[in-house]
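The values are calculated or read from the model by the stated rules, or taken from the named source; none is laboratory data. Since the model is a prediction, treat every value here as computed from it, not as a measurement. Cβ: placed from backbone, ideal geometry, glycine included. Neighbour counts: every protein chain shown. SASA here: full protein model, heavy atoms, side chains in, ligands and nucleic acids out. Shrake-Rupley method; radii C 1.70, N 1.55, O 1.52, S 1.80 Å.
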Amino acid sequence: MRKLLFQNLLRRTLTQAAPQPSQTALAELGERLKVTTRRRLGRSLSIREVDAGSCNGCELEIHALNNAYYDVERFGIRFVASPRHADVLLVTGPVTANMREALQRTYNATPDPKWVVAVGDCGRDGGVFCGSYACVGGVGEVIPVDLHIDGCPPTPEQLLEGLLALLAMQ
Amino acid sequence: MNQTVSLSETLGRGELIGGHRPWPRAVVTPEIWQELAIGLGKRVYTLLGLWGEPENVNLALFQEASGEIGVASLNCPDGGFPSLGHVCPPAQRLERALADLFGLQPLTGPDARPWLDHGRWPIRHPLGAAQTRSGPADPYPFLTAEGESLHQIPVGPVHAGIIEPGHFRFTANGETVVRLEERLGYVHKGIETLLRGATLDSAARLAGRVSGDSSVAYALAFARAVEAACGIAVPERALWLRALLAELERLANHFGDVGAVCNDAAFSLMQAHCAVLRERVLRASATCFGHRLLMDRIAPGGVTTDLPAEGQPLLHKLVVDLRRQFKPLIELYDNTASLQDRTVATGVLNSELARQFGAGGYVGRASGRNFDARRMPGYPPYDRLRFEVPVLSAGDVDARVWIRIHEVGQSLALIEEILDRLPSGPIRADLPPVCGPGEGMALVEGFRGDILVWLRLAADGAVERCHLRDPSWFQWPLLEAVIEGNIVADFPLCNKSFNCSYSGHDL
Ligand code: SF4
């Protein structure tokens with residue numbers, strides 16, 4: 001283990017330069033801010049991820065945000081274990097009928113001020129699962145959404161651009 | 001029952017259905033159904049799947065001794081069928097799901113509780129004779145455990161990590177788990193309803209999103225079932241590219257899992273390194289095929305994206321790099337006593353249970369079950385490729401990690417061989433203007449185990465009925481068995497070493 005750790009010290013870091021915040025995300029957030037004035041969240045974000053019915057593809061890419069290439073923690077973005085510690089709910093999937101209440105309760109358990117980011121084409125409107133008896137639709141059908149990050153699944157880069165826009169708004 | 005009777009002979013006594021490929025399907029009498037049930041109980045057969053249609057149930061079986069596969073269909077004029085759950089525990093949840101979706105009741109089954117239906121859909125029996133639901137759902141009765149100083153720990157559906165939702169109900173005595181009961185179905189999306197009447201294109205997209213981590217394997221299984229139903233020959237190059245895609249997917253997932261298991265044993269160094277290897281595979285996938293998770297690359301008739309000329313050297317280099325970078329990590333895993341202390345002898349699955357449940361993938365192979373769908377029943381081009389199927393017998397978390405480590409080595413070698421021998425030519429067969437009518441079935445080895453897809457195409461080429469069975473159906477129940485007697489703190493470790501799919505199971 002020592003050898004590996006030592007080598008890591010000598011190696012170049014893998015982390016890539018930060019992308020620019022997404023313009024579309026900034027525009028969407030700007031719209032939203034006009035409607036509701038919110039308290040600033042500070043310079044860091046604690047995120048609680050909620051899978052409300054995803055195929056797990058979106059989760060894989062959200063996971064990737066933590067790897068050495070994207071390293072979200074350098075921006076002060078952290079994934080937390082409880083909605084009670086969270087500023088942001090990052091919600092994936094078409095909301096299934098069976099997850100609707102759990103999502104609503106997670107939202108209620110998150111203290112204000114809070115933001116909701118709907119991830120993936122499914123998070124926007126149910127995506128390919130739209131129209132099924134078992135799906136309620138996009139995240140916005142159940143809780144108010146501040147930002148959508150499209151893609152099936154969105155790449156870590158796209159996720160990062162969206163989250164950076166959220167930081168830039170503050 | 002005479003143990004030498006082969007599955008095809010037994011099915012042959014029923015009414016064989018023409019146009020079901022590649023394995024036979026027969027409508028059987030209740031007597032033959034009973035015979036098959038006894039065979040399941042005696043382990044002559046392994047359960048491959050059990051799914052419904054509005055008026056009948058279908059049972060897919062595998063006879064290990066002869067290598068035969070077949071489907072028995074039983075008509076249910078009275079809305080019920082003789083339950084298999086008593087003699088064949090892996091059938092229990094499938095039966096409950098079938099009752100929820102079709103309203104066909106497993107008669108005198110061991111467990112009459114609903115499974116996927118949480119009482120929150122606007123209708124009941126969505127795939128059968130659908131009825132509007134009235135009134136709220138009854139509370140779900142969890143199984144009980146009796147004894148002194150027992151307490152319960154409910155977990156989920158929303159978990160602490162970035163994972164899928166499901167509910168776990170632990171009954172513990174101090175630190176020790178006495179019983180774990182899973183409750184799943186939270187991510188049920190009604191995929192089989194959406195598939196009904198879908199065009200082949202949209203059905204293929206849906207199949208690739210049943211479980212995002214196995215998108216390639218699902219798309220492949222779906223495509224193979226369609227091709228079987230319509231007798232479509234896939235061009236050689238497409239066959240080899242499919243295998244390349246499948247091995248890339250396996251690699252990415254195994255890297256991710258090895259890291260994640262170690263992380264759950266509080267050894268995050270391994271996770272950091274494995275996540276980098278995983279990312280490298282995903283980036284190479286995006287460069288070569290245009291999608292990080294390789295979604296929508298496989299379609300009925302072949303593949304949708306060709307490997308560009310620069311892809312070959314790029315993947316060759318990737319394999320060399322990954323092999324070099326993974327080697328010290330394997331040593332690290334092997335030589336870190338604190339890590340081994342957590343994984344060795346934790347969450348032991350005995351070989352008897354693994355066999356009874358027909359556990360696929362690393363779960364089965366870590367417990368002595370030598371089964372890999374790439375070998376048996378097998379599909380091209382694997383019949384022409386050299387690879388080993390690693391099998392261990394310890395059945396603990398450690399063995400499940402080692403199977404993955406060995407499989408990484410095999411996949412790397414397979415990718416090299418595929419690249420070296422990749423034939424040229426077209427990548428997709430011209431589909432007939434209308435595919436169908438016909439019935440097809442396929443068994444494909446995903447990273448987590450064998451995926452079964454069965455479908456019937458209508459005369460107009462649309463999907464009439466399609467069923468997709470995730471390997472997790474036969475792994476989730478084993479996780480309940482494995483955790484018994486372990487401490488609560490080892491649950492994440494056991495769970496991750498299984499890494500069952502919620503979405504694939506819930507459909
Ligand atoms: S957007 Fe795509 S990857 Fe994400 S949950 Fe939906 S189908 Fe899966």
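Once the C-beta distance of B:Asn173 and B:Asn350 is scaled by a Förster radius of 25 Å, the resulting FRET efficiency is 0.70 to the nearest 0.05. Dividing the mean sequence gap of close Cα pairs (under 8 Å, 6+ apart) by how many residues chain B holds gives a relative contact order of 17 percent.
The label-point distance for B:Val434 and A:Arg11, in a model that sets each label 7 Å from Cα toward Cβ, rounds to 5.8 nm.
Just check region B:129-265 against the gyration tensor rule for me: Cα atoms, a ≥ b ≥ c as the square roots of the eigenvalues, rounded for a/c under 1.5, and otherwise prolate or oblate depending on whether a/b exceeds b/c. Don't jump to the answer; show the numbers that get you there.
Details: a/c = 3.35, a/b = 1.56, b/c = 2.14.
Oblate, since a/c reaches 1.5 and b/c is not below a/b.
Loop exposure criterion: trypsin sites (Lys or Arg not before Pro), DSSP state outside H, G, I, E and B, at most 16 other Cβ atoms within 10 Å. Applied to chain A, the longest stretch between such sites is A:44-170.
For region B:386-507, the share of alpha carbon pairs falling in successive 10 Å distance bins from zero is 10, 27, 29, 22, 10, 2 percent.
Candidate cross-link partners of A:Lys3 among the aspartates and glutamates, defined by an alpha-carbon separation under 17 Å and a same-chain spacing of 8 or more, comprise B:Glu331, B:Asp334. Take the Cβ atoms of B:Arg196 and B:Asp78, set R0 to 22 Å, and the FRET efficiency comes out at 0.35. For the protein assembly as shown, go through all pairs of different Cα atoms, get the mean of 1/r, take its inverse, and jot down that Kirkwood value in Å. Final number for the Kirkwood radius of the protein assembly as shown is 25.7 Å. Across the alpha-carbon atoms of region A:81-163, the computed radius of gyration and Dmax are 12.3, 34 angstrom. When a/c reaches 1.5 or more, the comparison of a/b and b/c decides; with that in mind, is chain B rounded, prolate or oblate per its Cα gyration tensor? Since a/c reaches 1.5 but b/c is at least a/b, the shape of chain B is classed as oblate. Placing a pseudo-label 7 Å from each Cα along the Cα-to-Cβ vector at B:Lys317 and B:Ser6 gives an inter-label distance of 5.2 nm. Scanning chain B for GluC sites (Glu not before Pro) in DSSP loops with at most 16 neighbouring Cβ atoms within 10 Å leaves B:176-309 as the longest stretch between them. For the protein assembly as shown, adding -39500 (n - 2.57) for each run of n ≥ 4 DSSP H residues and dividing by the number of residues yields -12000 deg cm²/dmol at 222 nm. Contact residues in region A:49-79 by the 40 Å² criterion (accessible area, 1.4 Å probe, full protein complex versus chain alone): A:Asp51, A:Cys55, A:Asn56, A:Leu60, A:Glu61, A:His63, A:Asn67, A:Tyr69.
Distance from the Cα centroid of region A:126-170 to that of region B:441-467 is 30 Å (rounded to whole angstrom). Cβ distances below 4.7 Å define possible disulfide partners, and in chain B the cysteines left without one are B:Cys76, B:Cys88, B:Cys262, B:Cys274, B:Cys288, B:Cys466, B:Cys494, B:Cys500.
Per residue, the average separation of C-alpha pairs within less than 8 Å and at least 6 apart gives region B:7-118 a relative contact order of 22 percent.
Taking label points 7 Å from Cα along the Cα-to-Cβ direction, B:Thr144 and A:Ala68 give a separation of 5.5 nm. The simple Förster model, with R0 at 60 Å and r as the Cβ-Cβ distance, assigns B:Ala233 and B:Glu484 a FRET efficiency of 0.75.
For the protein assembly as shown, the fraction of 1.4 Å probe accessible surface lying on carbon and sulfur atoms is 52 percent.
Please report the equivalent ellipsoid semi-axes of region B:7-118, computed as sqrt(5 x eigenvalue) of the Cα gyration tensor, largest first, in whole Å. Could the numbers behind the result be given before it?
Details: eigenvalues 97, 48, 29 Å².
Whole-Å semi-axes of the equivalent ellipsoid: 22, 16, 12.
Averaged over its residues, chain B has an accessible area of 34 Å² per residue, based on protein heavy atoms and a 1.4 Å probe.
In region B:464-507, the residues that give up 10 Å² or more of accessible area when the other protein chains are added, compared with the chain on its own (1.4 Å probe), are B:Ser503. The fraction of all Cα pairs in region B:365-439 landing in successive 10 Å bins from 0 to the largest distance is 15, 34, 26, 17, 8, 0, given as whole percents. Solvent-accessible area of A:Cys130, all protein chains in place: 80 Å² (probe radius 1.4 Å, heavy atoms, ligands and nucleic acids excluded).
Would you kindly state how much longer the chain becomes between B:Glu331 and B:Lys42 on full extension, computed as 0.36 nm times their sequence separation minus their alpha carbon distance, in nm to one decimal? Kindly include the intermediate steps, with their values, before the conclusion.
Numbers: separation 289, 0.36 × 289 = 104.04 nm, distance 4.24 nm.
This chain segment gains 99.8 nm when fully extended.
Solvent exposure of B:Tyr502, expressed as accessible area, is near 10 Å², computed with a probe of 1.4 Å over the protein chains only. With a 1.4 Å probe on protein heavy atoms only, tell me which residues of region B:86-129 lose at least 40 Å² of accessible surface in the complex relative to the chain by itself. Listed in order, they are B:Arg120, B:Trp121. Diffusion coefficient (Stokes-Einstein, Kirkwood radius over C-alpha pairs, 37 °C, 0.692 mPa s) for region B:59-167: 195 µm²/s, rounded to a whole number.
Among the trypsin sites (Lys or Arg not before Pro) within region B:1-86, which fall in a DSSP loop and have no more than 16 other Cβ atoms within 10 Å of their own Cβ? Spell out each step's value before the answer.
Values: sites: B:Arg13, B:Arg25, B:Lys42, B:Arg43; in loops: B:Arg13, B:Lys42, B:Arg43.
Those satisfying the criteria are B:Arg13, B:Lys42, B:Arg43.
Assign one of three labels to region B:230-451, namely rounded, prolate or oblate, based on the Cα gyration tensor with a ≥ b ≥ c the square roots of its eigenvalues; rounded applies when a/c is under 1.5, prolate when it is not and a/b is larger than b/c, and oblate otherwise. Here region B:230-451 falls in the oblate category. Between chain B and chain A, the total buried accessible area stands at approximately 3900 Å², from heavy atoms with a 1.4 Å probe.
With protein chains left intact and a 1.4 Å probe, residues in chain A average 44 Å² of accessible area per residue.
Can you give me the Rg/Rh ratio for region A:1-148, using Cα atoms for both radii and the Kirkwood formula for Rh? Could the numbers behind the result be given before it?
Details: Rg = 17.3 Å, Rh = 16.7 Å.
That ratio is 1.04, to two decimals.
Taking every alpha-carbon pair under 8 Å whose residues sit at least 6 apart, region B:166-213 reaches a relative contact order of 26 percent. Across the protein chains, with a 1.4 Å probe defining accessible surface, the residues B:Leu180, B:Leu353 rank B:Leu353, B:Leu180 from largest area downward. Largest GNM mean-square fluctuation across A:Ile143, A:Ile77, A:Ile62, computed for chain A with C-alpha springs under 10 Å, falls on A:Ile143.
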